[in-house]
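Each remark here refers to the structure printed beneath this line.
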Amino acid sequence: METYKDYFGKPIFGYGGHADFPQDHTFQHLIGTGPYKFLEFDPITLEGGSMERYNEYWNATALQAEGWHMVTDVTVNTYPQSEAGFSSRN
């Protein structure tokens, strides 16, 4: 995955990422058993949130030894789908 890749306007499909299986309220279902834990997210305003590395993630020590799973904190920024939002993300 590219850093800062342009995902603006790209749909997020439900389980399996298949367009024939849409999922309502996808933003409420993005949390699973992954390498990061959500710390905060506001489902009302949808104004981003933050995550931290989950050190108990499966095989985390081996992944880190290989140079993976190194980022400790992640900040998620969201922008409205409007001209102002498009301008502010650049």
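Side notes on the structure shown:
- The stretch 44-57, subset loosely packed, with under 10 Cβ neighbours inside 10 Å and either within 17 Å of residue 34 (Cβ to Cβ) or among the polar types (S, T, N, Q) (or both), residue farthest from the chain's Cα centre (by Cα): 56
- Filter result for residue 33 (at pLDDT below 80 and in contact with a helix residue (DSSP H, G or I) (Cβ under 9 Å, 6 or more places away or on another chain)): no
- The strands (runs of 3 or more DSSP E) located wholly in the stretch 29-78 that include 1 or more residues which are out of contact with any Pro (no Cβ under 6 Å at 6 or more places or on another chain), among the acidic types (Asp, Glu) and free of Cβ contacts under 8 Å to residues at least 12 places away in the same chain occupy 36-41.
The values are calculated or read from the model by the stated rules, or taken from the named source; none is laboratory data. Just so it is clear, the structure is predicted and the values come from calculations on it, not from any experiment. Neighbour counts run over all protein chains shown; Cβ positions are idealised from the backbone, glycine included.
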